[in-house]
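Quick notes on the structure that follows.
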Amino acid sequence: MTTPKNASPASSAGATPDAQTATVVAPCAAEATAAAAPAPHRNASSTDGTPERPADPHVSETAHESARVAPESVPGNVHKAAGSVSDTDRGSDALAGRTSEPSAGPRAATGPPASPNTRSLLSVRGLSVRFRMRGGRYIAAVTDADFDLAPGECLALVGESGCGKSVLASALLGLLPGNAQTAGSARLGDVDSLTADERTLARTVRGRRIGLVPQSPAAHLTPVRTVGAQLEETLRELTGTPKYDLREAARAAAERAAFPADHLDRYPHELSGGLAQRAATALALVGDAPLLLADEPTTGLDRDLVDRTVDELRRHVGEGHALLMITHDLAAAERIADRVAVMYAGRIVELSDATRFFAAAPGPRHPYARGLLNALPERAFAPIPGMPPELGDLPPGCAFAARCTYATDACAVQPDFVDGIACHHPPAEERAARA
């Protein structure tokens with residue numbers, strides 16, 4: 001695995017106006033949008049319907065909106081599934097506003113509850129997100145996510161479309177729609193982004209503690225303003241740069257992301273895909289945020305641009321700074337990641353060291369993760385049979401069992417996440433060790 005040398009730290013998301021920022025919506029677009037309340041952030045502590053306090057009026061709306069990321073859509077036919085989220089989804093009884101729902105039962109006992117890692121930039125414990133739909137149904141988009149992200153580390157979050165990766169990212173930024181309910185915690189230092197109010201999120205988290213490199217950056221850049229103007233606005237709002245220094249500061253910010261200074265007066269439609277990505281990265285780095293969140297940063301790029309883009313992201317990961325990269329591109333993850341988290345049907349099913357994960361042996365430990373790698377053209381080029389389950393009608397046990405060649409009757413029970421894997425059928429050497 002090639003890991004470029006570390007360099008400048010990562011930082012904030014760029015500025016985009018309301019007209020161009022994609023409105024955050026729940027999965028199942030039509031039904032979920034109709035069900036959503038207007039509040040931009042709702043969590044387990046907000047059950048009375050009272051909206052959070054508005055953000056500081058002195059801070060530009062475009063700077064606040066710049067970190068917005070649309071939750072990843074669940075499969076389009078999920079709204080047809082009958083019934084609510086399965087009672088086997090652990091932790092769902094803790095979600096807001098569902099005191100009348102049947103309890104999901106206690107979380108399986110696998111030892112004492114994990115405590116946040118005080119050395120981590122980000123510590124996620126039991127993070128769950130579900131969306132309330134019409135008729136009182138619920139979509140379990142993320143269930144019991146646990147992981148830490150340390151300074152100087154790159155964690156790649158991988159999985160098929162609709163598995164909940166971008167919903168998790170939206171939860172970290174406090175940008176879930178009003179029909180979303182959360183449980184667990186996501187701590188950035190002394191701030192829990194799941195329970196923080198909108199003022200705290202807008203003034204101390206977005207752009208300052210988490211910088212966002214959005215998916216499809218060209219769509220997030222303001223089409224009627226030059227790249228330089230957008231950099232200057234973001235610098236003014238996040239760093240307080242005086243007006244007379246803004247132009248020079250914008251040139252320095254562009255150079256940091258390898259964006260050519262002679263293109264600062266160009267509009268987004270005049271940029272190639274690679275330059276638009278660099279412009280978005282430059283905007284994300286302005287606030288010097290300790291955590292850089294890249295949501296599908298290589299979408300639509302050719303292989304050379306993919307390599308250059310992820311190398312550029314990795315270059316900004318250094319002491320005191322970390323990168324969470326959400327991606328479908330396993331080759332990009334192999335190139336820069338230190339660890340890999342594999343997500344399936346809303347759950348993290350494997351968390352592994354990247355070197356071990358991508359090696360021919362021992363390789364991934366979960367059958368789904370092995371299937372992902374085997375589907376690559378340079379490997380077996382063998383697709384995973386079947387389709388992911390509907391998130392509104394998850395099975396009571398292992399969600400991957402219907403597609404798994406190792407499935408047995410034991411898979412009717414949800415496997416515990418133990419030693420970095422949630423599976424009843426780990427590799428043979430691990431089964432022997434557990435016996």
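The values are calculated or read from the model by the stated rules, or taken from the named source; none is laboratory data. This one's a predicted model, so the numbers in the text were calculated from it and none came from an experiment. With ideal geometry, Cβ positions are generated from the backbone for all residues, glycine too; neighbour counts draw on all protein chains shown. What goes into the accessible areas is simple: the full protein's heavy atoms, side chains included, and nothing from ligands, DNA or RNA. Shrake-Rupley method; radii C 1.70, N 1.55, O 1.52, S 1.80 Å.
Every test in (1) under 14 Å from residue 255 (Cα atoms); (2) aliphatic (A, V, I, L, M); (3) not in a loop (DSSP other than H, G, I, E, B) is passed by residue 286 save one, and that test is (3).
Scanning the stretch 175-190 for residues that are at positive phi and at pLDDT below 95 returns a single hit, 189. When the stretch 104-131 is limited to residues that are at pLDDT 95 or above and among the charged types (D, E, K, R), the one that is farthest from residue 322 (Cα to Cα) turns out to be 130.
Restricting attention to the stretch 252-274, the residues being open to solvent by 20 Å² or more (accessible area, probe 1.4 Å), in a helix (DSSP H, G or I) and farther than 16 Å from residue 288 by Cα number 6. Looking only at residues in the stretch 135-146 that are open to solvent by 10 Å² or more (accessible area, probe 1.4 Å) and in a strand (DSSP E or B), the one that is nearest to residue 289 (Cα to Cα) is 146. Selection of the stretch 342-386 for residues being out of contact with any Leu (no Cβ under 9 Å at 6 or more places or on another chain), of a type outside the set (A, V, I, L, M) and over 28 Å from residue 396 (Cβ atoms) yields 353, 355, 356, 362, 377, 378, 381.
Does residue 301 count as out of contact with any Phe, Trp or Tyr (no Cβ under 9 Å at 6 or more places or on another chain) and outside any loop (DSSP other than H, G, I, E, B)? No: the conditions fail for residue 301. In the condition set (1) in contact with a Lys or Arg (Cβ under 8 Å, 6 or more places away or on another chain); (2) touching a residue at least 24 places away in the same chain (Cβ under 8 Å); (3) of a type in the set (A, V, I, L, M); (4) more than 30 Å from residue 146 (Cα to Cα), residue 246 is compliant with all but (2). Scanning the stretch 399-413 for residues that are assigned to a loop (DSSP other than H, G, I, E, B) and open to solvent by less than 40 Å² (accessible area, probe 1.4 Å) yields 399, 400, 404.
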